[in-house]
Amino acid sequence: MTRYVRVALTQTRNVFEPMPATVEQLSQLDGKLEALREANLAHHVELIEAAAAAGARAVGLGELFSGPYFALEENPLWFDMAENPVNGPSVTALAEAAARLGVVIVAPIFELDPESGSRFNSAVVLDADGTNLGRYRKNHIPAGKNERASFHETFYYGPGEGAVVMPGRNLSDNAHFPVFDTAIGPIGVAICYDRHFPVVATLAREGARLIFCPAVSFGVTSRRMWELEFAVDAARHGLFIAGSNRIGAEPPWTVEYYGASGFWGPGGKVEPVPDADLPSQLVVADLDLAGLAVPADSGWDLPRDARPEIY
């Protein structure tokens with residue numbers, strides 16, 4: 001019998017209020033960043049609880065979920081949002097939720113490495129018993145300007161310097177792209193800008209069957225490519241991709257995030273589960289992970305016939 005796994009994604013934005021009216025007034029948040037984090041953390045725990053109640057066995061949160069997307073400007077105020085990836089406030093609360101609800105959680109945080117003091121854009125993977133399996137660090141860091149706004153991520157954090165994974169729970173031999181051995185199977189993570197590079201190919205080669213791609217995406221070109229990239233990569237590599245994005249604007253900035261969170265598999269886009277009782281900030285789908293072992297109707301066997309040694 002085909003085994004489906006129900007997976008949920010959050011599609012939301014910063015919920016802390018009141019936010020300053022203008023970028024020039026952001027200094028008003030000095031001393032309030034922990035309250036801001038706590039508001040967003042509580043919001044996401046509620047969404048995780050709703051997803052679990054609807055039968056989800058894994059929940060992927062959005063990129064830098066615990067606050068607004070601050071990289072639209074360069075402001076050292078936001079350095080204080082970086083947190084310990086082992087026992088920081090976000091990871092501690094979410095590990096408790098994972099264990100209590102029996103769900104795998106992919107939690108993208110602003111990481112402060114406790115040993116080196118370096119900052120990273122990371123995703124902590126928590127297994128369904130609350131075990132912290134480790135973290136993937138975003139490897140490609142953008143800085144530039146599109147049709148809507150500029151982005152300054154290199155001001156806040158550097159590219160990954162290798163993933164940190166619990167011994168025995170990494171199925172990958174690649175130091176930069178781990179595949180986490182979770183209760184729902186082997187999963188990988190690619191954060192936002194990573195998706196434009198051959199990351200899915202690498203994770204597929206290392207055994208990932210579901211890849212979470214938390215993102216903060218906006219702009220005309222990004223929107224046009226969002227579904228195309230996921231659809232092609234999922235079909236080409238015979239796996240599922242779960243892409244989550246913010247939606248709406250986050251004051252004091254005016255950039256509109258286009259949402260469009262969803263799931264893609266070898267057969268194309270996976271239709272979400274219709275459930276009127278689900279919060280609007282959740283996108284949920286049933287993924288046929290077991291079916292990935294069945295030969296494709298196309299007759300293609302790309303993993304078998306690939307020649308990575310010549311690429």
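Some notes on this structure:
- If you go through region 153-173 and keep only what is in a helix (DSSP H, G or I) and either among the aromatic types (Phe, Trp, Tyr) or farther than 30 Å from GLU73 by Cβ (or both), you end up with just PHE155.
- Which numbered condition ALA56 misses (of (1) under 17 Å from GLU256 (Cα atoms); (2) outside any helix (DSSP H, G or I); (3) touching a residue at least 60 places away in the same chain (Cβ under 8 Å); (4) small (Gly, Ala, Ser)): (1)
- Test: residue in region 143-150 that is in a loop (DSSP other than H, G, I, E, B), charged (D, E, K, R) and within 30 Å of LEU77 (Cβ to Cβ): yes
- Any hit, region 8-16, residues being touching a Lys or Arg at 6+ places or on another chain (Cβ under 6 Å), assigned to a loop (DSSP other than H, G, I, E, B), of a type in the set (A, V, I, L, M) and surrounded by 12 or more Cβ atoms within 10 Å (Cβ to Cβ): no
- Across region 280-311, the number of residues qualifying as in a helix (DSSP H, G or I), without any contact (Cβ under 8 Å) to a residue 24 or more places away in the chain and more than 18 Å from LEU210 (Cα to Cα) comes to 4.
- Residue match in region 48-66 (condition: farther than 25 Å from VAL273 by Cα, hydroxyl-bearing (Ser, Thr, Tyr) and over 21 Å from the mean Cα position of the chain (by Cα)): no
- Qualifying positions in region 226-261 - of a type in the set (A, V, I, L, M) and under 30 Å from GLU24 (Cα atoms): ILE247, ALA249, VAL255
- In region 186-243, the residues that are part of a helix (DSSP H, G or I), more than 20 Å from ALA163 (Cβ to Cβ), in contact (Cβ under 8 Å) with a residue 40 or more places away in the chain and within 17 Å of the chain's Cα centre (by Cα): SER222, GLU227
- A single entry from ARG224, ARG209, ARG169 fulfils the requirement of being surrounded by fewer than 20 Cβ atoms within 10 Å (Cβ to Cβ) and touching a strand residue (DSSP E or B) at 6+ places or on another chain (Cβ under 6 Å): ARG169.
- Scanning region 261-279 for residues that are closer than 20 Å to PHE212 by Cα and either assigned to a strand (DSSP E or B) or without any contact (Cβ under 8 Å) to a residue 40 or more places away in the chain (or both) yields a count of 11.
- Going through (1) buried (at least 16 other Cβ atoms within 10 Å of the Cβ); (2) out of contact with any Asp or Glu (no Cβ under 8 Å at 6 or more places or on another chain) one by one, ALA53 falls short only on (1).
- Among the residues listed as ALA97, ALA128, the single one being closer than 28 Å to VAL45 by Cα, in a helix (DSSP H, G or I), among the aliphatic types (A, V, I, L, M) and more than 16 Å from the chain's Cα centre (by Cα): ALA97
- A residue that is more than 27 Å from ILE310 (Cβ to Cβ), among the small types (Gly, Ala, Ser) and at pLDDT below 95 can be found somewhere in region 157-173.
- Only one entry of ALA143, ALA163, ALA82, ALA123 meets the criterion of being surrounded by 22 or more Cβ atoms within 10 Å (Cβ to Cβ), more than 19 Å from LEU47 (Cβ to Cβ) and of a type in the set (Gly, Ala, Ser), and that entry is ALA163.
The values are calculated or read from the model by the stated rules, or taken from the named source; none is laboratory data. Computed from a predicted model, the values in this text were never measured in an experiment. Neighbour counts are summed over all protein chains in view; Cβ atoms, including those assigned to glycine, are modelled from backbone coordinates with ideal geometry.
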